[in-house]
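The values are calculated or read from the model by the stated rules, or taken from the named source; none is laboratory data. These figures come from a predicted structure and were not determined experimentally. Backbone-built Cβ (ideal geometry, glycine too); neighbour counts: all protein chains shown. Each accessible area value is taken on the protein alone, full model and side chains, heavy atoms only, with ligands, DNA and RNA left out. Shrake-Rupley method; radii C 1.70, N 1.55, O 1.52, S 1.80 Å.
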Amino acid sequence: MIQKEKWIWMDGRMVPWDEANVHVLSHTLHYGYGAFEGIRSYLHDDGRSAVFRLPDHVDRLFQSAHLLELGLPFSREEVNEACIEALKANGLAAGYIRPLVYLGPAEVGVYPGDEPDLHLAIATWKWGAYLGGEALKAGIRVKVSTYTKFHVNSVLVKGKVVGHYVNSVLAKMEAKREGYTEGILLDHQGYVAEGSGENLFLVRGKTIVTPEDGATILDGITRDSIITLARDLGYEVEKRRLTRNDLYTSDEVFFTGTAAEVTPIREIDRRAIGQGRPGPVTLELQRAFFDVVSGRSPAYDRWMTYYSPKDGASDGRETSTAHV
Ligand code: PPE
């Protein structure tokens, strides 16, 4: 269950959590035409709070909107600022940020209108380990889904689009029903794509491998961070097509994502991966990742947007970005 907070930023206003509603005829609710992001902020060891790679997430939100031909009525700077305001309003020293671009009820029917009735909401809350408390330490059991990742020409796969997630929900439900924590989707040709909400990496000897950029995957910001960290640590990182066979025979497999962070996979389809527990390379990269997001690796300070969670104006409804 989501842990309720006080305020949600909606079109430049702070709205009480329980009143942050949309009309039942919202076009996005009916047809899934909308876009979102998932961002985390962390409390550093020195007591400061920082959002991890905020401008990169905001850029991806604008890219998703662009793919959908939706022009946001806010600038990138305003959305960056609004994410911070949404955290501050709830006094969150560390939290998850969920911006959502959605359409209102102005149009009925598939066509969203010549000038879509566009809105932006930004919710923030505390979110712990996405795949369960033990997942980060012990690793998880996953299954290759019977659902195929959508074809590259069915949707615009690099957008983080609301409707795309039906594919993910089906894979996730199937995996959970069968006693696994997560599903891995293969693409329409049978090659490995990604998890329902995570990118995937394999460790083969000294080499780290992940599906190529052109695969039907989200260009994960955590994926990009892990590739950077791995190379900085001296690992070879390859991007190439991967098969189900590669999954079963790798020394180590792990997921990355904003919510999932770096989650080891210890078993796939009843086959133990490596020794059947998180491997040394995964643990090294996981440690490197948590060092970065906890502010223990100053070399990656460029990925931080610092803020003070204490000076939020949660009692005032209007925010500096209120102009819609
Ligand atoms: N693939 C998919 C399909 C995906 O949804 C995510 C993030 C990723 C890869 C990793 O991308 P990145 O977060 O930029 O490293 N999934 C988000 C939503 C999860 C949810 O259940 O909601 C997230 O992790 O925030």
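Summary table
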{"item": "Meets criteria (of a type in the set (A, V, I, L, M, F, W, C), within 12 Å of the ligand (Cβ to nearest atom) and either surrounded by 19 or more Cβ atoms within 10 Å (Cβ to Cβ) or without any contact (Cβ under 8 Å) to a residue 60 or more places away in the chain (or both)) for I184", "result": "yes"}
{"item": "Conditions (1) under 22 Å from the mean Cα position of the chain (by Cα); (2) away from the ligand (no atom under 16 Å from the Cβ): number failed by M173", "result": "(2)"}
{"item": "Search result, residues across segment 23-38 that are open to solvent by 10 Å² or more (accessible area, probe 1.4 Å) and either part of a strand (DSSP E or B) or at pLDDT below 95 (or both)", "result": "F36"}
{"item": "Some residue of segment 99-119 being at pLDDT 95 or above and within 20 Å of P309 (Cβ to Cβ)", "result": "yes"}
{"item": "Residue selected from segment 108-122 under the condition part of a strand (DSSP E or B) and open to solvent by less than 20 Å² (accessible area, probe 1.4 Å), by the criterion farthest from G32 (Cα to Cα)", "result": "I122"}
{"item": "Check on L136, within 16 Å of the ligand (Cβ to nearest atom), in a helix (DSSP H, G or I) and not β-branched (V, I, T)", "result": "yes"}
{"item": "Filter result (under 22 Å from W125 (Cβ atoms) and within 17 Å of the chain's Cα centre (by Cα)) within segment 59-78", "result": "R60, L61, S64"}
{"item": "Residue that is assigned to a loop (DSSP other than H, G, I, E, B), at negative phi and surrounded by fewer than 18 Cβ atoms within 10 Å (Cβ to Cβ), where the choices are G91, G128", "result": "G128"}
{"item": "Filter result (open to solvent by 60 Å² or more (accessible area, probe 1.4 Å) and within 29 Å of V58 (Cα to Cα)) within segment 145-164", "result": "T148, H151, V152, N153, S154, L156"}
{"item": "Strands (runs of 3 or more DSSP E) lying entirely in segment 209-323 (those with 2 or more residues that are among the charged types (D, E, K, R))", "result": "236-239, 261-268"}
{"item": "Given (1) farther than 21 Å from W127 by Cα; (2) in contact with a Ser or Thr (Cβ under 8 Å, 6 or more places away or on another chain); (3) not aromatic (F, W, Y), index of the condition T258 fails", "result": "(1)"}
{"item": "Restricting segment 228-263 to residues that are open to solvent by 10 Å² or more (accessible area, probe 1.4 Å) and of a type in the set (V, I, T), the residue that is farthest from the chain's Cα centre (by Cα)", "result": "T249"}
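Matching residues to (1) surrounded by fewer than 19 Cβ atoms within 10 Å (Cβ to Cβ); (2) assigned to a helix (DSSP H, G or I):
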| position | (1), (2) |
| --- | --- |
| N21 | yes, no |
| G47 | yes, no |
| H66 | yes, yes |
| G71 | yes, no |
| Y102 | no, no |
| A106 | yes, no |
